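A.B. asks: Take a look at this one; I'll ask things after.
The values are calculated or read from the model by the stated rules, or taken from the named source; none is laboratory data. None of these values were measured; they are calculated from a predicted model. No Cβ is skipped: glycine too gets one built from the backbone with ideal geometry, and neighbour counts run over all protein chains shown.
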Amino acid sequence: MESAEATRVSMDEITALAKRRGFIFQSSEIYGGINGFWDYGPLGAVLKRNVKNAWWRDTVELRDDVVAFDSSIVMHPLVWKASGHADVFHDVMVDCKVCKHRFRLDHLKNRAQCPDCGSKDSFTEPRNFNLMMKTFVGPMEDTSSVAYLRPETAQGIFVNFKNVYQTARKKPPFGIAQIGKSFRNEITPGNFTFRVREFEQAELEYFVPDDGRDMGVFREWVDRRKRWYSDYGISAERLRFYELTDAERPHYAKAGIDVEYLFPWGWGELESIAHRTTYDLDAHMNLSGKDLKFFDEASKSHYTPLLIESSAGMDRTALTFLIDAYERESGVDPNGKTVERTVLRFHPSIAPVQAAVFSLARNREDLVERARAIEKALRPNFRTQYDEGNIGQLYRRQDEIGTPYCVTIDHQTLDDATVTVRGRDSMLQERVQASQLETYLRHRLTGAPAE
């Protein structure tokens, strides 16, 4: 559109669109919902899968030095003892004695006054609250059967390090990657799907020898992650790579970068990239008594590799794509008509629907049959959707879910076998031969050469 004015989005707009269009629903909504848990609808499930696929493609499939992994959600309790989660994975909390609301101590700017009810000097003494979710394994619910839902996916990689490098026949530098569910008993979940109690993580653990190349490898992964966000269209102005100071990093970390996005409420963390030295493997070797060192056949020596970690939240990243793509526009379309619309400018690889196919007249069986046949022919190669109704409303609906191209079958199609293709971003329309439609879309969606 010409002279378009785009405005930034509020979280109320995002949550309303997410429910209206089938991206994200409150879990157990008919029973009043459950805080910190969300369900992904037909479009949201595809959106998040596309985000995960994009991460997996870049991190695993396009590399010969990274292997895949998928660990169990429930692990031996001693895993969390070795990792430190059992002892230090907690928040310091206080309760207001008047309104009974609970707060993280570090989130209270004015510790003398309750932010919810305004009561002064009403807080309880601070106390630790463990963030791991407890469960029981076996028929008895007693102390001997206590286990935990994993609060992160990385530990499964560490305890299996020796199994993986031996069976995959890899030697450092190489990485192990997985995407999986994690659980944290967040005290104050909020900001939609940003801070939740059940979430998916994409984690890469990249092991390098202690030969002086480790910081170079760390910087290479930081640069690669920068390119990933850029390649899939995240605005550079709303993304930053914050380098942690010595005081902000864990004591064992040699370097750390937090990838942050400017959400409607402010900057929030999407991913951490950290140089974790040998801390994790050392911790498990010390507690288990098992040798997890790498055996170098060439030198006939054992050593503990250094670790570069990239850990990204897939729910947060999917939310970021949703927010970053959102625009409300008011302007003039190519036909000179004033138009207002909401559009999601998803990258074609991220968009839940890549091409929508319409019949101009739902009461014309010949047009409907032709439209359905064209959509079916496109389906093996693109994410497609068939719809029918008022053409203006159809365009607005597809704009609002981020579909890059709409294809309309009309009366002219029956005469000359051409269809109308309308672009989401330009709103321009052009006639394309139905026989060339697949090539046309592939060229515009993936950059493949036009035949």
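A.B. asks: Please go through segment 130-159 and pick out each residue that is more than 30 Å from residue 291 (Cβ to Cβ) and surrounded by 13 or more Cβ atoms within 10 Å (Cβ to Cβ).
C.D. replies: Correct list: 130, 131, 133, 135, 136.
A.B. asks: Report every pair of residues separated by at least 6 positions or lying on different chains whose Cβ atoms are under 8 Å apart, first residue within segment 28-40 and in contact (Cβ under 8 Å) with a residue 60 or more places away in the chain, second of a type in the set (A, V, I, L, M) and surrounded by 13 or more Cβ atoms within 10 Å (Cβ to Cβ).
C.D. replies: Pairs found: 36/196; 37/196; 38/24; 38/196.
A.B. asks: Tell me the residue from 77, 42 that is in contact with a Gly (Cβ under 8 Å, 6 or more places away or on another chain) and surrounded by fewer than 18 Cβ atoms within 10 Å (Cβ to Cβ), please.
C.D. replies: None of the other options fit; the residue is 42.
A.B. asks: Anything in segment 83-107 that is of a type in the set (Gly, Ala, Ser) and either part of a loop (DSSP other than H, G, I, E, B) or more than 28 Å from the chain's Cα centre (by Cα) (or both)? List them, or say none.
C.D. replies: 84
A.B. asks: Report whether or not residue 261 is at pLDDT 95 or above, more than 19 Å from residue 85 (Cα to Cα), over 19 Å from the mean Cα position of the chain (by Cα) and in the same structural domain as residue 294 (by TED's automatic domain parsing).
C.D. replies: In short, no.
A.B. asks: Across segment 23-68, what is the total count of residues that are outside any helix (DSSP H, G or I) and among the aliphatic types (A, V, I, L, M)?
C.D. replies: Residues meeting the conditions: 6.
A.B. asks: Would you call residue 205 under 23 Å from the mean Cα position of the chain (by Cα), at pLDDT 95 or above and closer than 24 Å to residue 153 by Cβ?
C.D. replies: Answer is yes for this residue.
A.B. asks: In segment 366-376, is there at least one residue being aliphatic (A, V, I, L, M), outside the structural domain of residue 23 (by TED's automatic domain parsing) and not in a helix (DSSP H, G or I)?
C.D. replies: no
Rundown of residues vs (1) of a type in the set (Ser, Thr, Tyr); (2) assigned by TED's automatic domain parsing to the domain that holds residue 194; (3) in contact with a helix residue (DSSP H, G or I) (Cβ under 8 Å, 6 or more places away or on another chain), yes/no style:
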| residue | (1), (2), (3) |
| --- | --- |
| 27 | yes, yes, no |
| 40 | yes, yes, yes |
| 53 | no, yes, no |
| 101 | no, no, no |
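A.B. asks: Would you check if residue 110 is assigned to a strand (DSSP E or B), of a type outside the set (A, V, I, L, M) and within 35 Å of the chain's Cα centre (by Cα)?
C.D. replies: Taking the combined requirement at face value, the residue does not satisfy it.
A.B. asks: Quick one: would you say residue 62 is at pLDDT 95 or above and in contact with a helix residue (DSSP H, G or I) (Cβ under 8 Å, 6 or more places away or on another chain)?
C.D. replies: Here the answer is no, as residue 62 does not meet what is asked.
A.B. asks: Under 8 Å by Cβ, and 6 or more places apart or on different chains, what pairs join a residue from segment 387-400 that is under 17 Å from residue 338 (Cα atoms) with one that is surrounded by fewer than 17 Cβ atoms within 10 Å (Cβ to Cβ)?
C.D. replies: Cβ pairs passing all conditions: 396/342; 399/342.
This table checks each residue for (1) over 25 Å from residue 42 (Cα atoms); (2) out of contact with any Phe, Trp or Tyr (no Cβ under 7 Å at 6 or more places or on another chain).
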{"site": "372", "(1), (2)": "no, no"}
{"site": "377", "(1), (2)": "no, yes"}
{"site": "427", "(1), (2)": "yes, yes"}
{"site": "435", "(1), (2)": "yes, yes"}
{"site": "447", "(1), (2)": "yes, yes"}
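A.B. asks: Against the conditions (1) among the charged types (D, E, K, R); (2) under 25 Å from residue 265 (Cβ atoms); (3) without any contact (Cβ under 8 Å) to a residue 12 or more places away in the chain, where does residue 49 fall short? Just the number, please.
C.D. replies: The one condition residue 49 does not meet is (2).
A.B. asks: Shifting gears a bit: Working carefully through the options 135, 188, find the one that is in a strand (DSSP E or B) and at pLDDT below 95.
C.D. replies: Selected residue: 135, the only one of 135, 188 that is in a strand (DSSP E or B) and at pLDDT below 95.
A.B. asks: Further question on the same structure: Would you list the strands (runs of 3 or more DSSP E) that sit entirely within segment 211-283 and hold 1 or more residues that are touching a residue at least 40 places away in the same chain (Cβ under 8 Å)?
C.D. replies: Result: 255-263, 266-277.
A.B. asks: Any idea how many residues of segment 410-433 are in contact with a helix residue (DSSP H, G or I) (Cβ under 9 Å, 6 or more places away or on another chain) and either under 12 Å from residue 370 (Cβ atoms) or assigned by TED's automatic domain parsing to the domain that holds residue 233 (or both)?
C.D. replies: The number of residues fulfilling the criteria is 7.
One line per residue, one yes/no per condition, for (1) at pLDDT below 95; (2) in a loop (DSSP other than H, G, I, E, B); (3) surrounded by fewer than 16 Cβ atoms within 10 Å (Cβ to Cβ):
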site	(1), (2), (3)
392	yes, no, yes
406	no, no, no
413	yes, no, no
422	no, no, no
441	no, no, no
449	yes, yes, yes
